[in-house]
Each structure stands twice: as C-alpha cells, then as structure tokens.
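Here is the structure we will look at, set down as structure tokens.
The values are calculated or read from the model by the stated rules, or taken from the named source; none is laboratory data. Since we're looking at a predicted model, the values are computed, not measured. Note that we place each Cβ from the backbone using ideal geometry, even for glycine, and neighbour counts take in every protein chain shown. What goes into the accessible areas is simple: the full protein's heavy atoms, side chains included, and nothing from ligands, DNA or RNA. Shrake-Rupley method; radii C 1.70, N 1.55, O 1.52, S 1.80 Å.
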Amino acid sequence: MEKYIIGNLKMNLLTQAERNHYLASFSSELKKSKFSNSRVVLCPPMVHMEKFAGVFRGSEVQVGVQNVYFEERGSFTGEVSPLMVKNFGGEYAIAGHSERRRYFGETNEVANEKIKIALKSGLRPVYCIGETEDERRKDLTFEVISRQIEEGLLGIANTQADRLIIAYEPIWAVGTDVVPESNEVMEVRILIRKILSELYSPELAERIPILYGGSVKAKSAAQVCVDPGMDGVLVGRESLIPMEFLKIANIIDKS
Ligand code: PEP
C-alpha cells in the first residue's frame, strides 16, 4: 500500500516572512528527495492553505487542512466548509484531532459529521483516534478505539470508505516526546483493521491506510511506523522543520 506522511503544522507560521521562509526551505529540501511509494501532505493553518496549494501544485506534495465545518455554506460565522477547501486546492481534512476534542469539545459524532461532508466534498478525511494515558492505564484502550471508530465512521458507505485515512494518535504521545513501543502500536493497528473489516469487507478494510501519530521524529520513525507495519505517519512539531520532516518521509518511503 502507498504510504502517507502528513504534516500537521498546527497554529504556527505567524507572518508572511515566516511562511515564505518555510516554503522556500521545504521546496529546496524536496529537490533532494524522490518518493516512489508515498504521498507527502502538508496541513498548514487555513490562512496559508491557498498559498501552499499554489506553491506545491504539480509537485509531489499535496495540501490539506487541520479542521473543517460540517456544513457546505451559510450563516456559520468563522467557519470554513470542506467544499471551500476543495475549491482552493486542498485534498485532505483532519477530523477528530485530540486537540480539537480537548479544547473545542469535538466528539466522535461531530467528527463523523465532518468526515461525511469532507467525503461528499471530495476531500480525504484523516480521522484521528487514540486513548488517553488514564484510559491506557485502566486497560480501556481497545474499548475507546472501538467506540471512536464505530461512532466516527457511522453511516459511511462502502463506496466512500476507501477514501478514509485513520490516524492512531495515543494522546499521551502527542506533543510529549514519549513514544509507544512497536508492539503497542502493532496491537492497536490489528484492532483497527479488525474493526474496519467488520464494518466493511476485509478487502476494503485492507485498503484504508492506518497511520501512527504522536512525537514522531526521524529517530523513532522505524519504531512507531515501519516495524509495526503502519501505512505512514501524522507528524506535528517535526513538520515545522522541513529537513526533519522529509527525513521521516524518506525513511518511511524507502522501508
Ligand atoms: C499531532 O498533533 O498530530 C502530533 C502528532 O503532534 P506531535 O508530532 O508534535 O506529537
């Protein structure tokens, strides 16, 4: 299966100068790489999306967003619809990220609405799931993950499911520099694949990429992605350093 290396730039790149420096540095690093089996995706803040899409048009890099609203248009002050993102060059939309769940009360049901409309608008949703440290300690990981998948993917038909991307991000590993062991990631990958094959057919479930996210760095990419058989990574902080992000992409692409 094709691999996905997705960068979540979060709420960074505060000035035009900073953004332009990032883009120039990313483009120059990109020239040194040739990916044979991977898609490299950057999800900048919404204000930068159109610019990123323009700069990377025709290159190996695709662009997405960190969030969308679950309506197509109308009186929803401050929101951006997936159709707008698509029309301005975006291809992916993250849904259910743990920071959205934590700070904005995004539930599995809200993520489900966003995933449905993202698919309808021609975007590929990147659905983030994962347990907290407390849930892991109480041995609730499988239960939490199962519920997140079942509720988050409710009503998504077979015909659309192969455009989904799942990102397993244990919350205790996001932004912390703590990473799970390979076997811990692998156990959850197997569980996710099992749930997907119960929701859809096993053949279809095999085609849905399952990524790992949480403190990925070049030095941990093999441990959290390659060794446990994941289909790529969702990278936060390291995606702000083009050289490091592309190093991760190269390790995964060549694996
Ligand atoms: C993320 O926010 O999705 C993430 C994985 O962040 P970090 O890599 O910084 O832990």
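Among Gly236, Gly213, Gly58, the largest mean-square fluctuation in a Gaussian network model of the chain (Cα springs under 10 Å) belongs to Gly58. Remark: the chain carries a charge dipole of roughly 900 debye about the Cα centre, counting +1 on each Lys and Arg Cβ and -1 on each Asp and Glu Cβ.
In summary, the lysines within cross-link reach of Lys217, defined as a Cα separation below 25 angstrom excluding same-chain residues under 8 places away, comprise Lys3, Lys10, Lys31, Lys32, Lys34, Lys247, Lys254.
Secondary structure note: in segment 3-253, about 0% of the DSSP beta bridges are antiparallel. With a cut-off of 18 Å, note down the residues of segment 24-59 whose backbone N falls inside the zone around a label point 7 Å from the Cα of Thr15 toward its beta carbon. 24-25, 48, by backbone N distance to the label point. If you take the charge dipole of the chain about its Cα centre, with +1 on Lys and Arg Cβ and -1 on Asp and Glu Cβ, which of Val144, Ser75, Met243 is farthest toward its positive end? After comparing all options, I get Met243. Cα centroid separation, segment 1-54 to segment 190-255: 18 Å. If you average the C-alpha positions of segment 89-103 and of segment 113-186 separately, how far apart do those two centres end up, in angstrom? Using only Cα atoms, the two centres lie 11 Å from each other. Mean residue ellipticity, 222 nm, helices only, the chain: the sum of -39500 (n - 2.57) across DSSP H runs of n ≥ 4, divided by residue count and rounded to 500, is -12500 deg cm²/dmol.
Averaging 1/r over every pair of different alpha carbons in segment 1-133 and inverting the result gives a Kirkwood radius of 15.5 Å.
Taking trypsin sites (Lys or Arg not before Pro) across segment 91-139, the ones in a DSSP loop with at most 16 further Cβ atoms lying within 10 angstrom of their Cβ are Lys138.
Taking a spot 7 Å from the Cα of Ser27 along the direction of its beta carbon, which residues of segment 227-255 have an amide N less than 19 Å from it? From segment 227-255, the list is 240-246. Which residue, Thr176, Thr132, Thr107, tops the fluctuation ranking in a GNM of the chain built on C-alpha contacts under 10 Å? Looking only at Thr176, Thr132, Thr107, the largest GNM fluctuation is found for Thr176. Under the convention that each Lys and Arg Cβ holds +1 and each Asp and Glu Cβ holds -1, the size of the dipole of segment 88-167 around its Cα centre is about 260 debye. Remark on Gln62: its backbone amide H falls under 5 Å from those of Val40, Val41, Leu42, a criterion applied only to residues 5 or more positions apart or on other chains, H modelled at 1.01 Å from N.
The stretch between Glu109 and Leu154, if pulled fully straight at 0.36 nm per residue, gains 15.3 nm over its current Cα-Cα span. Distances between placed amide hydrogens fall under 5 Å for Gly213 paired with Tyr168, Glu169, Leu234, all partners being 5 or more residues away or on another chain.
In Å, what Kirkwood hydrodynamic radius results for segment 3-253 from the alpha-carbon pair distances? Taking the inverse mean of 1/r over all distinct Cα pairs, segment 3-253 comes out at 18.1 Å. As a test question: what accessible area, to the nearest 10 Å², does Glu79 have when a 1.4 Å probe is rolled over all protein chains in place? Roll a 1.4 Å probe over it and Glu79 shows about 80 Å². Kirkwood radius, segment 136-189, all distinct C-alpha pairs, inverse of mean reciprocal distance: 12.9 Å. Residues Met46, Met243, sorted by accessible area with the largest first, give Met243, Met46 [1.4 Å probe; ligands and nucleic acids excluded]. When Ile5, Ile251 are compared by accessible surface with a 1.4 Å probe, the order from highest to lowest is Ile251, Ile5.
For segment 84-97, putting each phi into the Karplus relation 6.51 cos²θ - 1.76 cosθ + 1.60 with θ = phi - 60° gives couplings of 4, 4, 4, 5, 9, x, x, 10, 9, 9, 6, 9, x, 4 Hz, in residue order, rounded to whole numbers and with x for Gly and Pro.
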